[in-house]
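Presented below is the structure to which this report refers.
The values are calculated or read from the model by the stated rules, or taken from the named source; none is laboratory data. Please read all numbers here as calculations on a predicted model, not as lab measurements. Neighbour counts are summed over all protein chains in view; Cβ atoms, including those assigned to glycine, are modelled from backbone coordinates with ideal geometry. Calculation scope for accessible area: heavy atoms of the full protein, side chains included, ligands and nucleic acids excluded. Shrake-Rupley method; radii C 1.70, N 1.55, O 1.52, S 1.80 Å.
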Amino acid sequence: MATNLSKLKSGKGAPPPVEAAEDVIESNPRSDEKTPQRPLQVRVPESVFAEFSEQAGREFGFTHGAKKQLFLKMWKAYKAQNM
C-alpha cells in the first residue's frame, strides 16, 4: 500500500493541515441517562438468543443497545397489559 506523501511537500517544513473531522464527543447519540443502571443477566437457549438479537436488530438497528431497547419495549408493553 503506497502512502500519499503529497501533503508533506506543501510548505517548507510545515506540517500538513489538519483535516476536518466530526466531533464525536458533541455528536454522541446516547441519552444522558441519570438513572442508576443495573445489569440483568439471564440464561436462554442459543436459538432464543439468536432470534431475540435478530428482532432487536430489525427494530432498533444492528447497533450497541438494541437488545436493551427491545427488552425495555417489551417491559413497557407487559406493564401496560397487567395494570
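Residue pairs whose Cβ atoms lie under 6 Å apart, separated by 6 or more positions or on different chains, with the first residue in the stretch 55-80 and under 15 Å from PRO39 (Cβ atoms) and assigned to a helix (DSSP H, G or I) and the second at pLDDT 95 or above and open to solvent by less than 80 Å² (accessible area, probe 1.4 Å), are LYS67/ALA56.
Could you say whether any residue in the stretch 58-74 is open to solvent by less than 100 Å² (accessible area, probe 1.4 Å) and touching an Asp or Glu at 6+ places or on another chain (Cβ under 7 Å)? Looking for residues that are open to solvent by less than 100 Å² (accessible area, probe 1.4 Å) and touching an Asp or Glu at 6+ places or on another chain (Cβ under 7 Å), one finds at least one in the stretch 58-74, hence yes.
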